[in-house]
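Every read-out reported here was derived from the displayed coordinates using simple, explicitly stated rules and does not represent laboratory data. All of these numbers come straight from a predicted model, not from anything done at the bench. So basically every Cβ, Gly included, is an ideal-geometry build from the backbone, and we count neighbours across all protein chains shown.
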Amino acid sequence: MRLPAPIQNYYQRWLSRRLPRSPLVILNQRRIFIFPTGYGFFYLGVASLLFVGGINYENNLVLSLSFLLASLFLVAILHTYQNLSGLGLRNGGSESGYAAESGSLGVTLFSERRDHYCIWLKWEGQAAQQISVPAGTESALWLNLALPRRGRVVAPRMKVESVFPLGLLRTWSYVSLEHYCLAWPTPQASQECPADGGDETVQVVSSGKAGNEEFRGLRSYVAGDSLRRIDWKGYARGTGLNTKLFEDPAGGRLWLNWDALEGVGTEQRLSILCYWVLVLDQQQQPYGLKLPGLTLAPDTGDNHRLRALDALAAYPEFG
Amino acid sequence: MRVYQVPTHTRLWLVITIIACSLPQLLRGHLWQAGLVVLVMVIRSLADRQRIQLPGKAIRGLLMVGVVGITWITFGRIYGPEAGVALLVSLFSLKYLEVVRQRDAYVVIVLGYFVCATALLFERGPGMFAYVLLCMLLLTTCLIGINHSDTGARPMGHVRRAVAMSLQAVPVMLVLFVLVPRVAPLWNMKIDSGQARTGMSDSMSPGEISELSQSSELAFRVAFDGAIPEKGERYWRGLTLSHFDGRTWQQAIPRGVDKQAYLFQKGGPEPEWHKSLMAQDRGSGYRYQVIMEPTQRTWLFAMKVPVLEQGEAGLARDMRLVASRPISESVGYTVTSYPNLSSAIGLERSDRALMLSLPEDQNVGRRARGLAQQWQLDSSTDADVVKQALRHFREKPFYYTLKPPPLPVDPIDEFLFVTRRGFCEHYASSFTFMMRAAGIPARVVVGYQGGEPNELGSHLLVRQYDAHAWSEVWLEGKGWVRVDPTGAVAPERIEDGLRAALSGNGEDSNVLEGLRSFASSGLLGKLQQWTDYVDFQWQTWVLGYNSQSQMQLLRQLLGSTSPLSIALALFGAITLLLGLYMLVLLRQDRGYRQTPMEREFWRLHQRVAERQGAPLDPGLTPQQLANTIAARWPGAAKPAREWALQYQQALYNPAVLADKRRIRHLRRLRNRLYKLLG
Amino acid sequence: MQALTKALGEVAKVVLGKEDQLKLALTCLMANGHLLIEDLPGMGKTTLAHALARVFQLEYRRVQFTSDMLPADILGVSVFNPNTQDFTLREGPVFTQLLLADEINRATPKTQGALLEAMEERQVTLDGVTRPLPRPFFVVATQNPSDQAGTFVLPESQLDRFLMRISLGYPAPEVELALLAGGDLREQARSLKPVISSDGLVKLSGMVDKVRASHELLDYVQRLMDATRTDDRFVAGLSPRAGLGLLKAARAWALISGRDYAVPEDIQAVWAAVAEHRLSARQGGSVSAMTQSLLQSVPVVRR
């Protein structure tokens, strides 16, 4: 059923006024809607048919049967409503992804008082996922979210619905969680590494592996010094216990720099930086990231990469 | 995508439900129906175990055609109640073959509702209804099951939920049952439930009633509103028989009388006799309700002179009720009988001729005619003749028995002067014959006499063995007067019933053996009384609850029967019930009950959240809650901190006791805060 | 109690603008637990350890962990003395009252294990001879954020042995200014006045156990524990040992705060330091934020 555009707009506005964005939502009567399902209408039709039959056959028992069906329907209203009422939803985790691909948002459902069975969650217009939340527990659910462009993609309105227990009525609510997913820039290959610092600023440093250390000198042994670094040869010569000292090379740490890409559009800059983050990460090169308003110290590893990508996605507002 | 499969934990419930719902019909129906259900279940269980494939469309279609064919062979048609039900039940089980998706299960469940309903068309006892309720519970269980798509759900959980929901639905159903107005049938659909039983026929020849007396089946029940008449007064008139051909008494209406004028139907033209009857002073009467078992005849039973209060029947001129259609199922009607009214109906010329008519053949009852004429000569009044006749029966060696010797030639004379052994019909027949011979208008009345009270309810039970025949004679000034010659021969029959009258009578005792009665004492008797009581209440309140009794009840309950007040009562009662359930359902804490201290905290928590219009974390400590208040309502900072301090001390400092005094103090502080929060 | 406040004041002289972390470190000491400091180099970890040692008059040693270090480097080794021609036992650095294990994640798991076992048992077995460690015995370990190259991340089972993990972080601007103006803090740490003797510290930690915790509070701790176990954002919930540690730390915090009974605020104050390093997220994301969110969602007062 499609409503005319003005009514649709008005309805959307009314919904967002009635259901404001919030990081945590407990479903209550303000938020819950209920309406019979197709089968519910069919069921009511059957009840009416039995009613007519009971009247025509002048059979009070058949009539009672139709009343029982109607009563079950009425009672089902309460039970269906109850299945959603009191259910809490709050932000779960969030998994970023590249723009034009998809990320996913975690939603945690919790219930303090009663069991909630067979709840369906979905973004409007997408496939739903089912979950049950027993009393006093929490259940988490990940929902895929299309990321149309780079940046913070705010969680769309989510539909929470259930037809449990009889399938005669559908109860639903719209939840707008104050939740977002970061969309990383799409990597864009470029020849020039927008980096400075270290010995070599232009090309990727291929030599000089991390941890390659140079000998500097000796000092007398102190408790706690590694036995491997003791100058055993000297000890054998009778010079006493001495510890060999080493030091890190000064170079080899790269700073990916926003400013190195002057004259390129914002999104493109971010895409190029993204590409280089991935390249350097793959080569296990320590790298830092300098963006206007944010500096990430040089490092390597998965967490560092994610941090860098998230920074690129969040630019220019780092939360 | 959503997977609309029927979950495995519900399959067993579906099987149980299908079998349970079709069982009543399978027991009534033909063997092939049961065979079909078994076949379907076997195929399905093999398929579920992956031994075979579920049958495809072709096989299912073939089965369907087969079922229609067998139905046609068995019933000669595929419509009509019997054949239709057989088809429905077969379809119901066949459908299970294709239940894979949730939608198929929905169809099966809806078919199940119809199968349950058809079971109630043929059998309406409380037992059957209870069984159907059980089936409904199973159907609800299935409905819950197919909607519970968690694979790990427990089957017993479905039943528990179904029981809870059904228990909540039943009171609502009762409200609907009592209050929803009964509409007249939109079109007439009567089903012959095949309950033709033994009962009175419309003629009386020797031996007919004595045969009836060997059955202990129920004829009808009577519930009195107030006083119950003496046993000797309980004559339930069914038919008057006025034409005698020498062997058989038959119903007749006087020559030249229009049938319309003889039988007054409500809404029809009112004949003269009815007008004068209604104009008469009635005196006191007995009010009672009769619940009659099906007889397939039109006559109803009532005491003299019945005035119908509730129900559908016409009044015939011989003071009996006649229904418009044969009674094919239990029916109830309420009557007030005014014994004194019998004098109101006069005896017209044509009546008199009929009531005096004797067989043309003068040889029939020759001696009896002579005796009667002798009495007529000896007596000054008709009443004297009646007395003489009764004295004759009393003083001569007449013998009351269920097994009289056959009367092959002349039933009157042979009985009166040779065998002198007979049942009520012999006495009534010969007495009436003699009265007519003596010039007194007389007729035979058949019906029932007596009835046993059920100790649990205020109702009487009239059984077939209470069948009786007696006479009515026309006495000038008194009108039709009942005379029971059997009473002259065997007074116990009238006072204590058939069993008492025949006990100590060797040849009848084996007949009595077969008669069940409440007289049998002990547990079995008690049980019978109970069953009968339940059955009677069921007939009265459930099956017999029609628009008339509904209006009467509503007038008592609501004081008015206007559509508005009924609608209001309906709406109010249902809202009340649902509201009550809502309270119970939404309050259902699982197990844990808050202590007063904990309630104290959560009340303030909730109030602050409401007032600030945004939810608060449940993880706030009392101190943090106070800080939240202080930040938003600086004016309330001091009492808030005081409250938090007190609360913290009470809950966490083991040196401080959280006694009543402290809780009261906290409550006072909280109330003060409420005011400050506005 | 006043002594504790004074001790805090002393340490704060050299670790500027980190009152909360100092209080946590002190709490950890009082609760007889080991402390893990996670930070980039140069944030003042060493200074903190040093200052603590000074103020409580603890014997102090520092070990710089490297990838080629062996267990013997920590625990000690028998060394052949060419002059006396026999073996003498050289006690490892672990025989001290306060051990600063710098960059513990640079050592191999084997070496880490040796230290952690000593921490747990509070004794060391060398060449078949079991030797108890001094009392009190504290380990303050530091590690650089684990995603640096060439390191061995401490496994969760080992992390469980640290009562707390804190992170000092960058100083606030005004503090940094003071720092720049104030000269070498490590030098200043050497000149700190002792406030409490090491015996006094042992006595104080004895008092921690006397801090009372009501049933409602224990219930709250239990609910927090339970929440970590049912929350499937975490790989695994907190161990019972963590629960006991949380309670002990909360008691110590209550004692430092001048109370003889613990309140939910005490639990919440030490929660992050006690819980975070024992939990790991299933699907990425910040453990710290998740742990903190539990504090918000688990009701303090049972409902």
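Assorted remarks:
- Full-extension gain in nm, B:H243 to B:E360, via 0.36 nm per residue minus C-alpha separation: 41.0 nm
- Loop-located trypsin sites (Lys or Arg not before Pro) in the range C:207-286 whose Cβ has at most 10 other Cβ within 10 Å (DSSP): C:K210
- Cut-off 12 Å between beta-carbons: net charge of the residues surrounding B:F398, Lys and Arg +1, Asp and Glu -1: +4
- Spatial extent of the range B:1-123: Rg and Dmax, with the Cα atoms as the point set, Å: 14.5, 49
- Taking chain C and dividing mean pair separation by its residue count, relative contact order in percent (alpha carbons under 8 Å, at least six apart): 23
- In the range A:111-165, the trypsin sites (Lys or Arg not before Pro) that fall in loop regions by DSSP, at most 16 other Cβ within 10 Å: A:R149, A:R157
- Dimensionless Rg/Rh of chain C - Kirkwood Rh, Rg from C-alpha atoms: 0.98
- Computed from the alpha carbon positions, the gyration tensor of chain A leads to an equivalent ellipsoid with semi-axes of 65, 26, 14 Å, biggest first.
- Using the Cβ-Cβ distance between B:E309 and A:E178 with R0 set to 60 Å, the FRET efficiency works out to roughly 0.25.
- Computed FRET value (nearest 0.05) for B:L27 with B:S458, which takes r as the C-beta separation and R₀ as 35 Å: 0.50
- For B:T381, B:T17, B:T248, the sequence from fewest to most other C-beta atoms within 10 Å is B:T381, B:T248, B:T17.
- Cβ-placed point charges (K, R +1; D, E -1), dipole of the protein assembly as shown about Cα centre in debye, nearest 20: 2080
- Between A:V279 and A:F41, the simple label model (points 7 Å from Cα in the Cβ direction) yields a spacing of 6.1 nm.
- Test item: B:647-655 mean partner chain Cβ contacts at 10 Å: 6
- Fewest-first ordering of C:L192, B:L461, C:L204 by other beta carbons within 10 Å of each residue's beta carbon gives C:L192, C:L204, B:L461.
- Inter-label distance, nm, simple model (7 Å from Cα along the C-beta direction), B:A252/A:A236: 15.2
- Helix-only [θ]222 nm of chain C, DSSP H runs n ≥ 4, -39500 (n - 2.57) each, per residue, nearest 500: -14000 deg cm²/dmol
- Contour minus Cα-Cα distance for C:V153 and C:S191 (0.36 nm per residue): 10.2 nm
- C:D199 paired with B:K387, simple spin-label distance in nm, labels 7 Å along Cα-to-beta-carbon: 13.8
- Chain B: translational diffusion in µm²/s, Stokes-Einstein, Kirkwood Rh over Cα pairs, 20 °C, 1.002 mPa s: 67
- Averaged over the residues of peptide B:172-180, the number of Cβ atoms from other protein chains lying within 10 Å of each residue's Cβ is 5.
- For chymotrypsin sites (Phe, Trp or Tyr not before Pro), the sites in the range B:119-189 that DSSP calls loop and that have at most 16 other Cβ atoms within 10 Å are B:W187.
- Average beta carbon contacts from partner chains per residue of B:113-119, 10 Å cutoff: 5
- Relative frequency of Cα-Cα separations exceeding 58 Å in the protein assembly as shown, percent: 48
- Angle in degrees between helix A:302-314 and the longest Cα principal axis of chain A, rounded to the nearest 10: 60
- Each Lys or Arg adds one and each Asp or Glu takes one away; over the other residues whose Cβ falls under 10 Å from the Cβ of C:H277, this sums to -2.
- Inverse mean reciprocal Cα-Cα distance (Kirkwood Rh) of the range B:196-314, Å: 16.8
- Estimated FRET transfer efficiency (B:M278, B:L570; beta-carbon r; R0 35 Å; 0.05): 0.40
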